[in-house]
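So the structure is just underneath, and the comments pick up after that.
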Amino acid sequence: MEANYGEIRLFAMDFDGVLTDNYVYSDDGGREFVRCTRADGLGLQKLRKRGIEIIVLSTEKNPVVSQRCKKLEVRCFQGLGDKAVFLREYSKERGIDLRNVAFVGNDENDLGAMSIVGFPMAVGDACPSIRKAALYVSKRLGGCGAVREICDLIDSKME
C-alpha cells in the first residue's frame, strides 16, 4: 500500500547528517562550521507553501543549528535527550496526530522518533537500523540534497 503523503501536517528532521553532510569543521578558536546545500531550503519552501509545519530536532546545542534554521525560517529545538518524547508532546500541543508527522533521520538517536510517526524517512547514508525503519530512503546523502529529494517527493504526491 502506498503512503498518502497528502496527510502530512508536520515535517520534522534531525540536523546533523540530514541538513548537513555529517562533517564538522572547527577553527583554532573552537568555532564549528558545517556544510549544507541551498537546495534543501528550496525544497522546504515547497512544503511550507503546502501548509506543512517544519521543525528541526537536535540532540546537540550549537549556534550553527540556530543560525541555519533562522535562515531557513524553520523552528529548531536543541538539546533534546529524547526526540520521541519531545515530538509526542509537541504534536499533542499542536493538535497533530503522530500518523500525520514525517520525521527524517540518519542515526540511532533518531530511531525513537521514527518509530512513532506515520512517515519515517531516512537520508541515503543513514545507518542500517535507520534505513530499515524508514518508509522512504533518499537516493541523495545527508547535506547533499536528501531533504530536497524528500520534499520534492512529498510535494509531487500532493498534486
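Just give me the residues in segment 22-51 being within 16 Å of P63 (Cβ to Cβ) and small (G, A, S), in sequence order.
Correct list: S26, G29, G30.
I54 is checked against (1) within 14 Å of the chain's Cα centre (by Cα); (2) not in a strand (DSSP E or B) and fails just one. What number does that condition carry?
(2)
Exactly one of (1) surrounded by 12 or more Cβ atoms within 10 Å (Cβ to Cβ); (2) out of contact with any helix residue (DSSP H, G or I) (no Cβ under 6 Å at 6 or more places or on another chain) is unmet by Y25. Its number?
(1)
Taking the condition without any contact (Cβ under 8 Å) to a residue 60 or more places away in the chain, closer than 18 Å to K49 by Cα and surrounded by fewer than 17 Cβ atoms within 10 Å (Cβ to Cβ), does R131 pass? Steps first, answer last, please.
Details: without any contact (Cβ under 8 Å) to a residue 60 or more places away in the chain: yes; closer than 18 Å to K49 by Cα: no; surrounded by fewer than 17 Cβ atoms within 10 Å (Cβ to Cβ): yes.
Against the criterion (without any contact (Cβ under 8 Å) to a residue 60 or more places away in the chain, closer than 18 Å to K49 by Cα and surrounded by fewer than 17 Cβ atoms within 10 Å (Cβ to Cβ)), R131 does not qualify.
Where the second residue is outside any helix (DSSP H, G or I) and acidic (D, E) and the first is under 17 Å from V104 (Cα atoms) and lies in segment 55-70, which pairs have Cβ atoms under 9 Å and are six or more apart or on separate chains?
Within 9 Å, the pairs are V56/D14; L57/D14; S58/D14; S58/D16; T59/D14; T59/D16; E60/D16; V65/D16.
Which members of segment 1-50 meet the condition of being over 17 Å from the mean Cα position of the chain (by Cα), in a loop (DSSP other than H, G, I, E, B) and acidic (D, E)?
Once the filter is applied, which keeps residues that are over 17 Å from the mean Cα position of the chain (by Cα), in a loop (DSSP other than H, G, I, E, B) and acidic (D, E), segment 1-50 yields E2, D27, D28.
Quick note: the coordinates plus some simple rules give every number you see, no bench work behind them. The structure presented is a predicted model; accordingly, all values stated were derived computationally and were not measured. Note: ideal-geometry Cβ built from the backbone for every residue, glycine included; neighbour counts use all protein chains shown.
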